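The structure under discussion appears below in the form of structure tokens.
The values are calculated or read from the model by the stated rules, or taken from the named source; none is laboratory data. None of these values were measured; they are calculated from a predicted model. FYI the Cβ positions are ideal-geometry reconstructions off the backbone, even for glycines, and counts take in every protein chain you see. Note: areas computed on protein heavy atoms with side chains; ligands, DNA, RNA excluded. Shrake-Rupley method; radii C 1.70, N 1.55, O 1.52, S 1.80 Å.
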Amino acid sequence: MKIINYILSLKPEILFSVIALFFGTFSAFAVQQLSVNDEGVHLLRSYTISTGNITSDTCSYPQEIIDKVKESYQKNYSFNLSEKNSHSVNAFDCGTADSYYPLMHLPQSIGISISKVIYDSPAFMVLLGRLANLLFFVASMYLIIRFVPIGKWVFFVLGLLPITIHAASSLSYDTFNTVVLFSLIAIVLTFFGQKKALSKKQLILLVLFSLLASMAKSSNTLVLLLMFALPLRLFKYQRAKFSPIANKLMIIFGILILSLLSIVIWQKVSGSSITEVSMENHLSNNPLYIVVILYNTYINPFFGYTDIFVRGVVGEFSSFQYHLPTYLVILSFGLITFSLLLKNDFEQKYLKFKGGTLAAVALSAFVLSFLLITYVMYTIWATQPIRQGPHAIYADGVQGRYFTALLALFIPIGIWLRRYITVETSSSKVSTAIILLGSLFLLFFYSAESLMQIY
């Protein structure tokens with residue numbers, strides 16, 4: 001009993017780190033190598049960055065890595081530690097991840113660089129790349145949960161979702177995107193309850209993570225709308241030449257312009273385009289057709305795409321090889337809802353003033369992101385000849401994992417909803433136990449599923 005009480009009294013960031021490291025490490029070993037969504041191209045990108053090749057105009061790899069990636073395309077996921085890389089390298093396709101911002105694959109590339117020194121093997125590269133990505137994720141989440149004043153348990157639950165751990169313990173760039181989005185949202189939530197004007201260091205922090213989020217995924221720029229809900233007192237400087245509202249608008253629009261410029265500059269450097277549309281389609285002829293696309297993608301029961309999408313938010317693994325069953329999908333969303341609506345007097349007080357405004361802006365940012373991602377996936381993927389072609393009638397290619405990190409936008413929404421509906425337990429230890437047991441149950445099930453894929 002003393003041990004249980006001790007565990008339940010631990011700070012959420014400590015609990016998170018222990019659980020994430022345990023299940024993440026297991027996942028890094030147990031999940032078949034290069035079976036995670038697009039993990040083969042992430043290996044190629046991570047390897048090129050480890051060699052100092054950032055723009056990836058041309059790429060060269062040891063033949064063993066090329067063969068390993070080719071095998072993964074055929075769903076042959078090998079784990080042969082005895083095979084070592086040859087010293088000679090050969091030209092090969094840089095992969096579809098070559099246009100992504102280098103920082104998104106930096107942790108993985110560090111792991112690969114270390115593996116070259118210890119044991120130069122393709123399988124060992126993947127393993128150390130996965131573990132390095134996991135360590136980056138756990139360390140980042142530790143800091144987020146520790147320092148954010150509100151929504152700690154929501155970040156805890158979202159960070160321990162099976163889909164989040166699955167990505168964090170792979171070579172996926174989703175981990176970097178999740179970290180910068182969580183960080184940006186946590187920064188805004190922290191600043192919201194501050195009584196003094198933002199310091200220079202805080203402004204630099206806000207600018208930095210705004211740029212990182214925008215460069216990670218251009219659709220993340222919509223999350224920057226949260227800054228418009230920040231109270232004017234944060235921009236009230238004693239010796240300023242302008243009014244607080246003028247200061248606020250200049251800072252926000254300055255950040256938005258810098259973010260958009262950073263996207264454009266990187267697109268120019270990498271030689272890719274964020275506005276490229278595959279071909280003429282229903283939307284190009286009739287913008288209102290978006291209503292039909294949304295219905296077919298997310299509601300129409302005859303397509304069944306909704307089931308895949310919803311599962312994907314919390315638990316669709318290894319390129320759709322396996323997933324959480326329906327009852328655990330419901331449990332996952334129930335756990336998220338529980339953490340959002342859990343009564344907390346401090347959080348209520350923290351967002352007491354203009355909390356409704358922040359909630360409204362957060363909801364708008366989520367909806368706009370939802371629409372933008374749907375539009376982009378429809379125009380650049382669903383209309384491809386290899387998919388549905390120019391007459392596509394739903395956004396084939398939209399995956400639930402694209403929205404997992406965006407669920408953190410519901411933190412201010414949940415706190416606002418607590419005015420009308422709350423979840424209350426007899427003590428904080430009871431609520432901690434519910435969240436802890438729920439997360440552990442989901443992760444144990446995911447781990448068992450992952451292990452079963454090997455045999």
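With protein chains left intact and a 1.4 Å probe, residues in region 85-125 average 46 Å² of accessible area per residue. If you take the alpha carbon atoms of region 336-441 and fit the smallest convex hull around them, that volume is 120 Å³ per residue.
Each other residue within a Cβ distance under 15 Å of Ser82 adds +1 if Lys or Arg and -1 if Asp or Glu, for a net charge of -2. Average the reciprocal distances over every distinct pair of alpha-carbons in the chain, invert the result, and give the Kirkwood radius in Å. Roughly 23.3 Å, rounded to one decimal.
Rolling a 1.4 Å probe over the protein heavy atoms gives region 181-222 an accessible area of 40 Å² per residue. The Kirkwood radius of region 389-450, taken over pairs of alpha-carbon atoms, gives through the Stokes-Einstein law at 4 °C and 1.567 mPa s a diffusion coefficient of 83 µm² s⁻¹. All alpha carbon pair distances within region 16-95 were sorted into 10 Å bins beginning at 0; the resulting P(r) in whole percents reads 17, 43, 30, 10, 1. Remark on region 50-141: Rg and Dmax equal 13.3, 39 Å (Cα only). One decimal place: the segment Lys349-Val18 gains 116.1 nm when fully extended, by the rule 0.36 nm per residue minus the C-alpha distance. Surface composition of region 196-350: carbon plus sulfur atoms contribute 68% of the solvent-accessible area (1.4 Å probe, protein chains only, all chains present). Summing Lys and Arg as +1 and Asp and Glu as -1 over all other residues whose Cβ lies under 11 Å from the Cβ of His42 gives a net charge of -2. Full extension of the chain between Gln238 and Ser86 yields a length gain of 48.3 nm, computed as 0.36 nm times the residue separation minus the alpha carbon distance. When the helices of the chain are scored as -39500 (n - 2.57) per DSSP H run of n ≥ 4 and the total is divided over every residue, the value at 222 nm lands at -19000 deg cm²/dmol.
Taking a point 7 angstrom from the Cα of Leu372 along the C-beta vector, which residues in region 154-185 have backbone N less than 20 Å away? Zone members listed by number: 173-185. For the listed residue pairs Lys152/Lys352; Lys201/Lys236; Lys70/Lys268; Lys11/Lys200; Lys201/Lys248, the alpha carbons are over 26 angstrom apart in Lys70/Lys268; Lys11/Lys200. Each residue of region 229-388 gets 206 Å³ once the volume of the Cα convex hull is shared out per residue. From most to least packed by mean Cβ count within 10 Å, the peptides 54-63, 313-322 give 313-322, 54-63. To the nearest 0.05, how large is the calculated FRET efficiency for Met250 and Val423 if R₀ is 35 Å and r is the Cβ-Cβ distance? Efficiency computed from Cβ-Cβ geometry: 0.30. Taking a Cβ cut-off of under 15 Å around Glu13, the surrounding Lys, Arg, Asp and Glu residues balance to a net charge of +3, with basic ones at +1 and acidic ones at -1.
For region 166-224, the alpha carbon convex hull comes to 85 Å³ per residue, rounded to a whole number. Overall shape: oblate for region 82-122, with the ratio a/c of the largest to smallest alpha carbon gyration tensor axis at 1.5 or above and b/c at least equal to a/b.
Quick one: with all protein chains in place, what share of the accessible area of region 112-167 is carbon or sulfur, to the nearest percent (1.4 Å probe)? After summing per-atom areas, the C and S share lands at 74 percent. When a 1.4 Å probe is rolled over the protein heavy atoms, the share of accessible surface on region 1-83 that falls to carbon and sulfur comes to 59 percent.
Measuring with a 1.4 Å probe in the full set of protein chains, what accessible area per residue, in whole Å², belongs to region 266-410?
Accessible surface, normalised per residue, equals 49 Å².
Label reach from Glu280 (point 7 Å along Cα→C-beta): in region 375-404, amide nitrogens under 13 Å belong to 390-391. Note on the chain: with charges restricted to the Cβ of Lys and Arg (+1) and Asp and Glu (-1), its dipole about the Cα centre is near 2420 debye.
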